[in-house]
Amino acid sequence: MSFNPDHFTNELVNEYSYADNMRQYDFNHVQQGPPPSAYMQRMTGTAAGNPLASRAGAPGGLYNAVPSTARPVTSNRGAGYSATMSNTSKFDPLNQGTEVQKSSDNFLQKKTEQTPEEKLRDLEKEIHGLVEESSVVREQGEVGQALELAKEAGKRERTLCRQREQQNLLEQLNVDLTYAVCLNLAIQQHANNNDTEALGIYNQIVKNKQYPHSGRFRVNMGNIYFAQGKYPSAIKMYRMALDQIPNNVQSIRLKISRNIGHAFFKMHQFPDAIDAYENLLDPSKGQHLDFMTGFNLLLCYHALGDKEKMKQGFLKLLQIQQVGLDDPEEEESLDHGNVIPEDDALREDIKKRQREAQRYIVNAATLIGPQIDPQEVVEGFNWIVDALNSHGFPGIASEMEIAKATHYLKRKDFDKAISTLRHFEKKEPALMARASTNLSFLYFLEGDYGSAERYADIAVKADRYNSRALVNKGNCLFVAGELERAKEVYLEAIGVSADCLEAIYNLGLVNSHMAKLQEALLAFDKLHSITHNNIEVMWQLGDIHERLGNLGKAHEWLSLIVTSQKGRPSDPGVLARLASLFNKMDDETQAFHYNLESYRYLPSDMTVITWLGIYYVKQELYELAIQYFSRASQIQPNEVKWLLMVASCYRRMGSYHPALKLYEDIHRTHPNDKECLRYLITICKEMKQPWEKYQNHLRKLEKFEADQSFMEQEQSSPGQGRPVGDDSFNDTVTGGFGRPASGGTAEAGRAAAPSAGGSLFEVDDVQIASDKRSKRKLQTGGPREDDMDDDWGDDDLGDDLLPM
């Protein structure tokens with residue numbers, strides 16, 4: 001708020017003059033009569049008894065009344081105010097006392113009303129309040145409300161200027177207030193991503209020479225251009241701001257220069273960026289060095305592929321002094337055994353900066369370690385470790401040892417990784433816990449579950465709050481079949497780290513294996529709320545809903561895998577699972593669509609091939625069914641049923657000659673297949689061709705199997721026999737999400753075939769054993785061929801044995 005000393009002085013002068021006018025008619029302090037003089041004291045007799053009656057006693061004279069008390073004995077009386085003054089009227093010949101009293105009352109009444117200057121001062125206070133409130137609200141994160149308050153402050157400030165112009169008070173214009181209002185409005189516009197409006201206001205500020213230090217706000221304009229990707233404009237603004245910053249403010253100048261380097265880096269002008277960064281890393285400016293600049297310089301060297309410069313840049317990064325690294329007060333407290341007080345705000349800031357410095361160093365070491373010597377990456381890591389140890393960073397050197405072990409893992413060199421990690425067993429507990437966690441994971445991958453559990457126990461003992469170590473321990477228990485204990489360990493890991501995704505996922509798996517589907521559903525629902533678009537989580541949710549019978553919800557989750565932005569629209573396993581769901585819901589059209597899509601991406605899935613082949617048979621599209629059954633015979637050449645299905649399709653089409661030829665080929669390849677013999681007998685009869693030899697062979701096989709079964713029953717005890725069956729229809733192959741090989745059950749990965757009145761081939765094929773004992777039995781049974789013919793006769797095979 002502005003202060004006008006002239007106006008304030010005028011007010012003081014006017015009030016003082018008014019007070020003088022009031023006091024010149026106020027005679028309350030005057031005595032009722034004049035003090036006696038020496039002359040009067042010398043008067044005698046009658047002179048003293050009649051003291052100038054004509055002057056003092058006449059009415060309308062100098063005094064209005066005669067004193068009521070006698071004159072004092074003393075010759076002189078003290079001047080000044082007398083408390084025993086009589087109630088006489090004041091001397092007021094012109095009757096001005098009443099007018100003065102009235103004017104005094106009017107003056108007090110006018111003072112209760114605000115003058116225009118006071119109203120303007122109150123408006124200034126309101127504007128100040130709005131600016132401060134806008135800043136506070138912005139700090140609380142409510143940028144929209146902050147912008148509205150800033151706009152309201154701008155409106156009132158303009159109103160204030162107009163009113164002062166109307167009242168001819170231009171000399172009282174508050175330039176500082178206008179400056180504050182405009183700057184706050186620009187900041188709030190930028191916070192609300194209104195870059196164009198913010199740039200317009202900043203332009204007005206920097207062009208007004210009345211505003212102090214307005215050139216600094218070109219940095220704000222450069223930041224806006226930088227965020228917009230207009231790097232040349234940003235560099236221009238940074239340099240203009242740099243020209244207006246005095247040399248004694250080195251910290252701000254160096255930060256602006258760092259921004260210039262960032263802009264050059266974004267433009268891939270690495271030499272210019274290197275010049276800017278190297279100037280900042282001048283040892284003479286050590287108090288202003290920061291790890292961000294050193295790391296960015298290292299990135300520029302890495303982009304240019306200069307290995308020697310990378311080494312030099314890394315050493316420069318290590319030579320930067322960390323904030324608060326040497327605290328003499330803390331060391332003194334430790335030496336005297338005093339307890340260090342709790343962290344205050346300053347100590348927290350120091351620790352935060354130290355963590356940030358360590359992060360830059362670790363990232364830099366991880367970046368250039370493999371690049372120092374691409375042929376021998378390990379040598380690069382060794383150089384990094386030596387440099388860290390020599391500059392007083394042993395903890396980060398241990399981090400690089402673990403990174404080297406990780407490099408061995410990526411190269412599948414598990415032995416060297418294990419040997420590297422074993423060096424941490426005798427180091428400090430924190431490093432030992434991390435190394436043991438990695439060792440446990442390595443042994444688990446190799447299938448050495450005993451060693452994995454041992455190192456997991458070491459890691460948990462070293463750090464009970466290591467959630468990853470607890471997950472490794474739970475995995476070992478899970479593999480060992482101790483599902484309840486594994487569940488407890490996973491819950492403990494979640495209690496330690498509520499966002500440990502591995503523990504939550506494994507908890508859902510163990511609940512699923514324990515058939516606690518509702519608990520598994522809760523775990524995967526929580527995990528989905530964290531990850532949102534994780535494919536594995538959505539698959540598990542769909543699987544659990546299907547097992548619970550919620551086919552609609554299962555379809556929703558599985559469809560998300562196919563249709564989501566980060567999904568897998570070409571995963572054959574998911575498509576086959578969707579086909580199975582639609583088949584259960586009796587929607588063969590959708591089931592056919594998804595099975596066809598799955599076959600397009602994975603043409604070797606026997607489940608999908610079987611379903612499609614049978615579907616085309618039901619639709620009497622035998623030509624298409626032959627294609628799928630032929631593909632199945634190529635995938636499983638030892639399975640005779642696929643060729644039998646192809647031949648059956650030829651028969652249903654009426655192509656008997658191709659069918660007969662295929663049956664004969666099957667018989668030559670599989671001479672002991674009874675079903676092929678039955679089909680040969682039937683088709684030969686239909687085509688009026690010889691069929692007796694096939695029937696004789698079939699009788700021999702049946703007789704041989706009967707004798708062999710009788711002998712096995714005599715040799716073995718009851719109940720030990722095992723029925724022979726063919727479940728090749730249930731075979732599945734890996735090749736997509738949800739396959740049994742990936743850990744799910746066979747039922748989860750199977751696409752059920754559509755139900756039909758009769759299948760193409762239902763009788764199991766049995767082959768005669770090829771051992772010598774079976775051959776001898778077959779030879780001894782030869783002379784009884786006539787008996788077999790007599791036993792079976794020449795009966796024809798009925799149509800009920802043919803595939804429908």
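The values are calculated or read from the model by the stated rules, or taken from the named source; none is laboratory data. Since the model is a prediction, treat every value here as computed from it, not as a measurement. Cβ coordinates were reconstructed from backbone atoms using ideal geometry, including for glycine residues, and neighbour counts include every protein chain displayed.
What are the residue pairs meeting all of these: first residue in segment 289-301, first residue assigned by TED's automatic domain parsing to the domain that holds ILE368, second residue assigned to a helix (DSSP H, G or I) and among the β-branched types (Val, Ile, Thr), Cβ atoms under 7 Å, and 6 or more apart or on different chains?
That search, which allows pairs on different chains as well, returns LEU297/ILE274; LEU298/ILE368; CYS300/ILE274.
Any residue that is closer than 25 Å to PRO212 by Cα, in contact (Cβ under 8 Å) with a residue 24 or more places away in the chain and surrounded by 15 or more Cβ atoms within 10 Å (Cβ to Cβ) - is there at least one of those in segment 270-281? Full working, then the answer.
Quick first cut of segment 270-281, residues closer than 25 Å to PRO212 by Cα only: none.
Looking for residues that are closer than 25 Å to PRO212 by Cα, in contact (Cβ under 8 Å) with a residue 24 or more places away in the chain and surrounded by 15 or more Cβ atoms within 10 Å (Cβ to Cβ), one finds none in segment 270-281, hence no.
Of all residues in segment 444-457, count the ones that are buried (at least 20 other Cβ atoms within 10 Å of the Cβ) and out of contact with any Lys or Arg (no Cβ under 8 Å at 6 or more places or on another chain).
The number of residues fulfilling the criteria is 2.
Checking LYS416 against (1) crowded, with 16+ Cβ neighbours inside 10 Å; (2) within 29 Å of VAL377 (Cβ to Cβ), which test does it fail?
LYS416 satisfies every listed condition except (1).
Here is a check on your reading of the model: is ILE361 modelled with pLDDT of 85 or more, out of contact with any Leu (no Cβ under 9 Å at 6 or more places or on another chain), of a type in the set (A, V, I, L, M, F, W, C) and assigned by TED's automatic domain parsing to the domain that holds LEU297?
Values: modelled with pLDDT of 85 or more: yes; out of contact with any Leu (no Cβ under 9 Å at 6 or more places or on another chain): no; of a type in the set (A, V, I, L, M, F, W, C): yes; assigned by TED's automatic domain parsing to the domain that holds LEU297: yes.
No: the conditions fail for ILE361.
Taking the condition of being under 34 Å from the mean Cα position of the chain (by Cα), within 20 Å of HIS128 (Cα to Cα) and surrounded by fewer than 15 Cβ atoms within 10 Å (Cβ to Cβ), how many residues in segment 182-211 meet it?
0
Mind telling me which of the residues TYR202, TYR238, TYR211 ends up being closer than 22 Å to HIS268 by Cα and in contact (Cβ under 8 Å) with a residue 12 or more places away in the chain?
Among TYR202, TYR238, TYR211, only TYR238 is closer than 22 Å to HIS268 by Cα and in contact (Cβ under 8 Å) with a residue 12 or more places away in the chain.
Going through TYR656, TYR679, TYR663 one at a time, which residue ends up being farther than 22 Å from SER604 by Cα, in contact with a Pro (Cβ under 9 Å, 6 or more places away or on another chain) and not charged (D, E, K, R)?
Working: TYR656 fails: in contact with a Pro (Cβ under 9 Å, 6 or more places away or on another chain); TYR663 fails: in contact with a Pro (Cβ under 9 Å, 6 or more places away or on another chain).
The match here is TYR679.
List the residue pairs whose Cβ atoms are under 7 Å apart, where the first residue sits in segment 521-534 and is farther than 15 Å from HIS545 by Cβ, the second is modelled with pLDDT under 90, and the two are 6 or more positions apart or on different chains.
ILE530/ASP499; ASN533/SER564; ASN533/LYS566
Any chance segment 191-208 includes a residue that's under 29 Å from GLU157 (Cα atoms), in the same structural domain as VAL136 (by TED's automatic domain parsing) and at pLDDT below 85? Working first, answer last.
Quick first cut of segment 191-208, residues under 29 Å from GLU157 (Cα atoms) only: 191-208.
Those still in the list that are in the same structural domain as VAL136 (by TED's automatic domain parsing) too: 191-208.
Checking which are at pLDDT below 85 leaves us with 208.
So far as segment 191-208 goes, yes, one or more of its residues are under 29 Å from GLU157 (Cα atoms), in the same structural domain as VAL136 (by TED's automatic domain parsing) and at pLDDT below 85.
Looking at segment 556-564, is at least one residue at pLDDT below 90 and of a type in the set (Gly, Ala, Ser)?
Checking segment 556-564: at least one residue is at pLDDT below 90 and of a type in the set (Gly, Ala, Ser).
Just to be sure, is ASN583 more than 30 Å from SER655 (Cα to Cα), crowded, with 17+ Cβ neighbours inside 10 Å and either in contact with a strand residue (DSSP E or B) (Cβ under 7 Å, 6 or more places away or on another chain) or polar (S, T, N, Q) (or both)?
On the way: more than 30 Å from SER655 (Cα to Cα): yes; crowded, with 17+ Cβ neighbours inside 10 Å: yes; either in contact with a strand residue (DSSP E or B) (Cβ under 7 Å, 6 or more places away or on another chain) or polar (S, T, N, Q) (or both): yes.
Taking the combined requirement at face value, the residue satisfies it.
Filter segment 668-683 down to residues that are among the polar types (S, T, N, Q) and buried (at least 18 other Cβ atoms within 10 Å of the Cβ), then give me how many there are. Give the derivation first.
Taking segment 668-683 and keeping what is among the polar types (S, T, N, Q), we get 669, 672, 682.
Still in the list and also buried (at least 18 other Cβ atoms within 10 Å of the Cβ): 672, 682.
Of the residues in segment 668-683, 2 are among the polar types (S, T, N, Q) and buried (at least 18 other Cβ atoms within 10 Å of the Cβ).
Tally time: how many residues in segment 160-181 are assigned to a helix (DSSP H, G or I) and surrounded by 12 or more Cβ atoms within 10 Å (Cβ to Cβ)? Outline the logic, then answer.
Our first condition is that a residue be assigned to a helix (DSSP H, G or I); within segment 160-181, this holds for 160-166, 170-172, 175-181.
Still in the running and surrounded by 12 or more Cβ atoms within 10 Å (Cβ to Cβ): 160-161, 163-164, 172, 175-181.
Residues in segment 160-181 being assigned to a helix (DSSP H, G or I) and surrounded by 12 or more Cβ atoms within 10 Å (Cβ to Cβ): 12 in total.
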